[in-house]
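Worksheet: the structure to be examined is printed underneath.
The values are calculated or read from the model by the stated rules, or taken from the named source; none is laboratory data. Just so it is clear, the structure is predicted and the values come from calculations on it, not from any experiment. Here Cβ is always computed from backbone atoms with ideal geometry, including for glycine, and neighbour counts include all displayed protein chains. Accessible surface areas use protein heavy atoms only, side chains included; no ligands, DNA or RNA. Shrake-Rupley method; radii C 1.70, N 1.55, O 1.52, S 1.80 Å.
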Amino acid sequence: MAVRGVGRLTCVSLCAQRNSRFQRPALRPLSCPGTVAADLRREEQPSGSTETGSEDKSSKKRFSEVQKERREQAQRTVLIHCPNKISEKKFLKYLSQHGPINNHFFYESFGLYAVVEFCQKESIHSLQNGTHTPSMVTEAAIPFRSRFFNLKPKNPSNQTSEWSHIQSSNQLPPSSKKLFELLCYAESIDDQLNTLLKEFQLTEENTRLRYLTCSLIEDIAAAYFPGCTVRPFGSSVNTFGKLGCDLDMFLDLDEIGKISTHKNIGNFLMEFQVKNVPSERIATQKILSVIGECLDHFGPGCVGVQKILNARCPLVRFSHQASGFQCDLTTNNRIALKSSELLYMYGALDSRVRALVFSVRCWARAHSLTTSIPGAWITNFSLTVMVIFFLQQRSPPILPTLDSLKILADAGDKCIIEGNNCTFVRDLNKIKPSGNTETLELLLKEFFEYFGNFAFNKNSINIRQGREQNKPDSSPLHIQNPFETSLNISKNVSQSQLQKFVDLARESAWILQEEDKDGPSPSSNQPWGLAALLLPSVANMKPLAKKKNKRPASERIKSLLDSIKSNSTENSTSTNGKRTVSTHT
Ligand code: GTP
Ligand code: MG
């Protein structure tokens, strides 16, 4: 993570130019992720709503429906590397000879790319039939007919003024400077949390690109395993993903093994001749090993392929260069997909859930509580479960327990994976909305207070029952795995990382409480509310024992800002002013 510096300072001076939160203008700058059509589509997103409180669930789709629709959409889509200047009109006309186009957008990632969704799958075959494998002068191309193309102008000298730079869709989270500017502009802490959510959540285009990437990988895997499916899971689909998050996918071979009832009558049962290996784990390792080789040798745009086969959950890690996604491919990961579905449900039940989770995730990232490298720190998945657990504790509860979702399930919801009961109701309309009307500001403060004082030494977090339970072992942080209930999802977290989390939570609760009392003065140039929580912590800079003699919040923050200012002046000279604060993974 880049260290706090120039970005924040710039923001502070921007804040200083404006008045306090009590005189904030009604208009806030709008984010501009892409085209007008893109903005319209973004508004359609069921998970994009940022109104506080329970929502109208009539438009909410089941997780399986979303997955099915997105997958089908991705199968009709192609990815095209384009020249930097292009005539959009001519480009679309050229592609339309293969069939009508339903949707398209451009984005930049080491060059200009177009994502084009045809109305029919057949158009892709037509396009592939009119495409040739490039002939190399010094190197040899491995012929591979994928849905990832390279577009070249036939006659570059023929380009007219119509060939111009194209407006491309944004695939990145806002810079820290922009984020702080937006947060300082906000009208309330609730507004700040909703703003952060809007700015960091996956856009429609980014979501499409994630499903398309899985679909392209599926094409490659299908060379070995015809009929296989590559499904995205984790934060790409559970509605808690931030722009820039990794793409978790799993190779689903279950459909291949399923018996078709079609023409299966008579006295015999036909089986495929297969090779046997001593265990499921070895089978997984062998499958991932060949897929890893395949991606490495033939996968267009797949680079840096690493086979991590001895991990608890074996995986192949690689970068998909064209989309810019860091991908983790696993197999046999149905429970993780079910966890994603559960999180999707919780995120859809009440819009405060996502707003709170995004802010807590950004807060944790800003204070280096989470990182993109595996280690003894808390993960985003654990943080999300902690927020869910906290919301189950409110009075009245904002979220139901997993056990109560199980009670509401019908026969169609029944789901047993590897002997674990993963059943819960999947129809959102069957769940009664919460009567709780607490504000996000209160919830954020109470979240920090709750976990700043949680008895981690003896209690475990358990969203299945929605109450604290005795810890079954001595790991510093115990969060029960919702489906494999004997497992702890935060087993990796060390005592010192947990202590850091607790200290920062207390510190943050204290900052919000002090602000509540005093409020920053209209003439002050202090970041306030959520923006203040994303600043470097006193807990990091001073021994905790000295905390008793705290100075007033305004004084503390002022001295912090002074110290950042002097640090960043030093740093900016040595780094050419390029340092920014990263609050994303
Ligand atoms: P980010 O990638 O950090 O944005 O969040 P993520 O939710 O995608 O987390 P991650 O990529 O680490 O893991 C992907 C998914 O795997 C999670 O959403 C969970 O469904 C699942 N998962 C991750 N860690 C654990 C764990 O310790 N236990 C279990 N059972 N599932 C996990
Ligand atoms: Mg992930």
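Scan segment 374-420 for residues that are farther than 16 Å from His478 by Cα and either part of a helix (DSSP H, G or I) or open to solvent by 50 Å² or more (accessible area, probe 1.4 Å) (or both) and report the count.
So the count comes out to 22.
Any idea which of Arg208, Arg231 is buried (at least 19 other Cβ atoms within 10 Å of the Cβ), in contact (Cβ under 8 Å) with a residue 12 or more places away in the chain, of a type in the set (Lys, Arg) and more than 16 Å from ligand 2 (Cβ to nearest atom)?
When all the criteria are applied, what remains is Arg208.
Thr284: open to solvent by less than 60 Å² (accessible area, probe 1.4 Å), away from ligand 2 (no atom under 16 Å from the Cβ) and among the polar types (S, T, N, Q), yes or no? Even if it seems obvious, please write down each step before you answer.
On the way: open to solvent by less than 60 Å² (accessible area, probe 1.4 Å): yes; away from ligand 2 (no atom under 16 Å from the Cβ): yes; among the polar types (S, T, N, Q): yes.
When the stated conditions are applied, Thr284 passes them.
Only one residue in Arg361, Arg354 is basic (Lys, Arg), in contact with a Ser or Thr (Cβ under 8 Å, 6 or more places away or on another chain), open to solvent by less than 20 Å² (accessible area, probe 1.4 Å) and more than 15 Å from ligand 2 (Cβ to nearest atom). Which one? Spell out how you get there, then give the answer.
Values: Arg361 fails: more than 15 Å from ligand 2 (Cβ to nearest atom).
Result: Arg354 is the single residue among Arg361, Arg354 that is basic (Lys, Arg), in contact with a Ser or Thr (Cβ under 8 Å, 6 or more places away or on another chain), open to solvent by less than 20 Å² (accessible area, probe 1.4 Å) and more than 15 Å from ligand 2 (Cβ to nearest atom).
Among the residues of segment 353-374, which ones are of a type outside the set (Gly, Ala, Ser) and out of contact with any strand residue (DSSP E or B) (no Cβ under 9 Å at 6 or more places or on another chain)? Full working, then the answer.
The first filter runs over segment 353-374 and keeps only residues of a type outside the set (Gly, Ala, Ser), leaving 353-354, 356-358, 360-363, 365, 367, 369-371, 373-374.
Result: Val353, Leu356, Val357, Val360, Trp363, His367, Leu369, Thr370, Thr371, Ile373, Pro374.
On the given criteria, is Lys432 in a loop (DSSP other than H, G, I, E, B) and open to solvent by 70 Å² or more (accessible area, probe 1.4 Å)?
Yes.
Looking at Leu183, Leu216, Leu172, Leu193, which one is touching a residue at least 60 places away in the same chain (Cβ under 8 Å) and either within 16 Å of ligand 1 (Cβ to nearest atom) or in a loop (DSSP other than H, G, I, E, B) (or both)? Step through it out loud before you land on a result.
Working: Leu183 fails: either within 16 Å of ligand 1 (Cβ to nearest atom) or in a loop (DSSP other than H, G, I, E, B) (or both); Leu216 fails: either within 16 Å of ligand 1 (Cβ to nearest atom) or in a loop (DSSP other than H, G, I, E, B) (or both); Leu193 fails: either within 16 Å of ligand 1 (Cβ to nearest atom) or in a loop (DSSP other than H, G, I, E, B) (or both).
Testing whether each residue is touching a residue at least 60 places away in the same chain (Cβ under 8 Å) and either within 16 Å of ligand 1 (Cβ to nearest atom) or in a loop (DSSP other than H, G, I, E, B) (or both) leaves just Leu172.
Any residue at all in segment 483-501 that is touching a helix residue (DSSP H, G or I) at 6+ places or on another chain (Cβ under 8 Å), closer than 24 Å to Glu449 by Cβ and assigned to a helix (DSSP H, G or I)? Reasoning before the result, please.
Looking only at segment 483-501, we keep the residues that are touching a helix residue (DSSP H, G or I) at 6+ places or on another chain (Cβ under 8 Å), and these are 483-484, 489-490, 493, 500-501.
Checking the rest, the ones that are also closer than 24 Å to Glu449 by Cβ come to 489-490, 493, 500-501.
This time we only want the ones that are assigned to a helix (DSSP H, G or I), so: 500-501.
Yes, because at least one residue in segment 483-501 is touching a helix residue (DSSP H, G or I) at 6+ places or on another chain (Cβ under 8 Å), closer than 24 Å to Glu449 by Cβ and assigned to a helix (DSSP H, G or I).
I need the full set of residues from segment 239-249 which are surrounded by 24 or more Cβ atoms within 10 Å (Cβ to Cβ) and more than 6 Å from ligand 1 (Cβ to nearest atom), in order please.
Within segment 239-249, the subset surrounded by 24 or more Cβ atoms within 10 Å (Cβ to Cβ) is 239-241, 247-249.
The answer is Thr239, Phe240, Leu247, Met249.
Which residue is modelled with the lowest pLDDT, if the candidates are limited to segment 89-141 and must be within 20 Å of Arg208 (Cα to Cα) and of a type in the set (Asp, Glu)?
Here the residue is Glu108.
Please enumerate the residues belonging to segment 219-236 that are part of a helix (DSSP H, G or I) and more than 16 Å from ligand 1 (Cβ to nearest atom). It would help to see each step written out before you state the result.
Kept after step one, since they are part of a helix (DSSP H, G or I), are these residues of segment 219-236: 219-221, 234-236.
Once the filter is applied, which keeps residues that are part of a helix (DSSP H, G or I) and more than 16 Å from ligand 1 (Cβ to nearest atom), segment 219-236 yields Asp219, Ile220, Ala221.
Quick one: is Gly99 of a type outside the set (Val, Ile, Thr), in contact with a Phe, Trp or Tyr (Cβ under 6 Å, 6 or more places away or on another chain) and open to solvent by less than 30 Å² (accessible area, probe 1.4 Å)? Full working, then the answer.
Numbers: of a type outside the set (Val, Ile, Thr): yes; in contact with a Phe, Trp or Tyr (Cβ under 6 Å, 6 or more places away or on another chain): yes; open to solvent by less than 30 Å² (accessible area, probe 1.4 Å): yes.
Spelling it out, Gly99 is indeed of a type outside the set (Val, Ile, Thr), in contact with a Phe, Trp or Tyr (Cβ under 6 Å, 6 or more places away or on another chain) and open to solvent by less than 30 Å² (accessible area, probe 1.4 Å).
Here are some conditions: (1) without any contact (Cβ under 8 Å) to a residue 40 or more places away in the chain; (2) surrounded by 19 or more Cβ atoms within 10 Å (Cβ to Cβ); (3) in contact with a Ser or Thr (Cβ under 6 Å, 6 or more places away or on another chain). Thr423 meets all but one. Which one does it not meet?
Thr423 satisfies all of (1) without any contact (Cβ under 8 Å) to a residue 40 or more places away in the chain; (2) surrounded by 19 or more Cβ atoms within 10 Å (Cβ to Cβ); (3) in contact with a Ser or Thr (Cβ under 6 Å, 6 or more places away or on another chain) except (3).
Restricting attention to segment 313-331, report how many residues are more than 16 Å from ligand 2 (Cβ to nearest atom) and open to solvent by 70 Å² or more (accessible area, probe 1.4 Å).
1
Could you check segment 271-366 for strands (runs of 3 or more DSSP E) lying wholly inside it with 2 or more residues that are under 30 Å from Asp427 (Cβ atoms) and touching a residue at least 40 places away in the same chain (Cβ under 8 Å)? Explain how you work it out, then say what you get.
Numbers: elements: 302-308, 315-320, 325-331.
Here the list reads 325-331.
Condition check: in contact (Cβ under 8 Å) with a residue 40 or more places away in the chain, open to solvent by 30 Å² or more (accessible area, probe 1.4 Å), touching a helix residue (DSSP H, G or I) at 6+ places or on another chain (Cβ under 9 Å) and within 16 Å of ligand 2 (Cβ to nearest atom). Does Thr371 satisfy that? Write out each step before concluding.
Details: in contact (Cβ under 8 Å) with a residue 40 or more places away in the chain: yes; open to solvent by 30 Å² or more (accessible area, probe 1.4 Å): yes; touching a helix residue (DSSP H, G or I) at 6+ places or on another chain (Cβ under 9 Å): yes; within 16 Å of ligand 2 (Cβ to nearest atom): yes.
Yes: the conditions hold for Thr371.
At pLDDT below 95 and small (Gly, Ala, Ser): is that true of Gly299 in this structure? I'd like the intermediate steps shown before the answer.
Values: at pLDDT below 95: yes; small (Gly, Ala, Ser): yes.
Yes; evaluated as a whole, the condition is true for this residue.
Residue by residue through segment 481-497, note down the ones that are small (Gly, Ala, Ser) and under 14 Å from Cys422 (Cα atoms).
Here is the first cut: in segment 481-497, the ones small (Gly, Ala, Ser) are 486, 490, 494, 496.
If the condition is that a residue be small (Gly, Ala, Ser) and under 14 Å from Cys422 (Cα atoms), then Ser486 is the only one that fits.
Do we find that Lys414 is more than 16 Å from ligand 1 (Cβ to nearest atom), free of Cβ contacts under 8 Å to residues at least 24 places away in the same chain and out of contact with any helix residue (DSSP H, G or I) (no Cβ under 9 Å at 6 or more places or on another chain) in this structure? Show your work before the answer.
Working: more than 16 Å from ligand 1 (Cβ to nearest atom): yes; free of Cβ contacts under 8 Å to residues at least 24 places away in the same chain: yes; out of contact with any helix residue (DSSP H, G or I) (no Cβ under 9 Å at 6 or more places or on another chain): yes.
The answer is yes for Lys414.
Out of Thr239, Thr261, which single residue is modelled with pLDDT of 95 or more, more than 10 Å from ligand 2 (Cβ to nearest atom) and assigned to a loop (DSSP other than H, G, I, E, B)? Lay out the reasoning, then the answer.
Working: Thr261 fails: modelled with pLDDT of 95 or more.
Unique residue meeting the criteria: Thr239.
Ile431 versus (1) farther than 14 Å from Met386 by Cβ; (2) in contact with a helix residue (DSSP H, G or I) (Cβ under 8 Å, 6 or more places away or on another chain); (3) within 16 Å of ligand 1 (Cβ to nearest atom): which is the lone unmet condition?
Status for Ile431: all satisfied but (3).
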